[in-house]
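Inspection log for the structure reproduced underneath, given as structure tokens.
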Amino acid sequence: MTVLAAAAVVYVHWNPRRYLSLRPLAELGPTITVALAALVLLAAVVVLAAAPGLRRTVTASVLLALVLPVGCAGFVKGTYLAEEWQPRSVDITARSPDGHWIVVAIRYTSHYDSDVYYDEFHLRSRAGLLSREAPHPLAVVGYTFHENESDQLDIVRIAFAGSSTIEVHTNDGVVYRTSFNPASLAIEDQFGLCEDDLTHLCP
């Protein structure tokens, strides 16, 4: 059971096909829970299967003693993650005509930098539990609360122009077009703010 649980944790973190249904299992809570359960199960196996003696007692005691540091490590990691950029909202911004694909906008904010935020736009398939997400964002745009909205580049619309073609419309009237591979969901061009000109997108 311990080996199977460990293998499952490794797989959901690896998630090579990028299944959305596996992401909740890869969060910190389930991972720490499996680690703690594995330590307790191994200690129980030692007590039940090993011959009575000092070796059994020491081994079981060491395994149980590891429960506290593992739990503390999970708490510290959770506190650290809470201070990083966190997704605050997820909205569907585009749907393909056949209903097989969507683009979602994920807004990220930070507890320590409340003046700025950024949006990531991700391509996803729609297949129930087998729904997947592209390996890289379609576009990423940052914003500042204190700046005039008219001075900031904004993505106002995203549309599917074909079976595997996406258009990104910005508030300056420019339309950016890219395509994706329906099998791998790899996007040909990903867009972000240009380093030398924050009023335009660059691939």
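Report in % the part of the accessible area of segment 1-125 that belongs to carbon and sulfur, leaving out ligands and nucleic acids; probe 1.4 Å.
After summing per-atom areas, the C and S share lands at 68 percent.
Taking the Cβ of Arg126 as the center, what net charge do the other residues with Cβ under 13 Å away carry, scoring Lys and Arg +1 and Asp and Glu -1?
Values: positive: Arg95, Arg124, Arg132; negative: Asp98, Glu133.
Taking every Cβ under 13 Å from that of Arg126, the sum is +1.
Would you work out the Kirkwood radius for segment 1-63? I mean one over the mean of 1/r across all pairs of different Cα atoms, in Å. Write down the numbers at each step before the final one.
Details: mean 1/r = 0.0763 Å⁻¹.
It works out to 13.1 Å.
Probe of 1.4 angstrom, ligands and nucleic acids ignored: what's the accessible area per residue over segment 1-135, in square angstrom? Working shown, then result.
On the way: 8500 Å² over 135 residues.
Each residue of segment 1-135 exposes 63 Å² on average to a 1.4 Å probe.
Are there cysteines in the chain with no second cysteine's Cβ under 4.7 Å away, and if so, which?
By the Cβ distance rule, which asks for a partner under 4.7 Å, the isolated cysteines are Cys72.
With viscosity set to 1.002 mPa s and temperature to 20 °C, compute the Stokes-Einstein D of the chain, Rh being the Kirkwood radius across alpha carbon pairs; µm²/s, no decimals. Walk me through the intermediate numbers first.
Working: Rh = 20.3 Å.
In µm²/s, the coefficient rounds to 106.
Taking a temperature of 25 °C and a viscosity of 0.890 mPa s, what whole-number D in µm²/s does Stokes-Einstein yield for segment 37-111 with Rh from Kirkwood over alpha carbon pairs?
Details: Rh = 16.7 Å.
Diffusion coefficient, whole number: 147 µm²/s.
Starting from the alpha-carbon convex hull of segment 106-177, give the projected area averaged over all orientations, in nm².
On the way: hull surface 25.3 nm².
Averaged projected area of segment 106-177's Cα convex hull equals 6.3 nm².
For Cα pairs less than 8 Å apart in space and 6+ apart in sequence, what is the mean separation divided by the residue count of the chain, i.e. the relative contact order in percent?
On the way: 321 pairs, mean separation 27.3, N = 203.
Reported relative contact order: 13 percent.
Pulled fully out, how much extra length does the chain show between Thr165 and Tyr112, if you take 0.36 nm times their separation in residues and subtract their Cα-Cα distance? Mind showing how you got there, number by number?
Working: separation 53, 0.36 × 53 = 19.08 nm, distance 3.76 nm.
15.3 nm is the gain from fully extending Thr165 to Tyr112.
Roughly how many Å² is the accessible area per residue of segment 153-203, as a whole number, for a 1.4 Å probe? Walk me through the intermediate numbers first.
Working: 2700 Å² over 51 residues.
Solvent-accessible surface per residue comes out at 53 Å².
The values are calculated or read from the model by the stated rules, or taken from the named source; none is laboratory data. Since this is a predicted model, take the numbers as computed values, not measurements. For neighbour counting, all protein chains shown are included, and Cβ atoms are generated from backbone atoms with ideal geometry for every residue, glycine included. Calculation scope for accessible area: heavy atoms of the full protein, side chains included, ligands and nucleic acids excluded. Shrake-Rupley method; radii C 1.70, N 1.55, O 1.52, S 1.80 Å.
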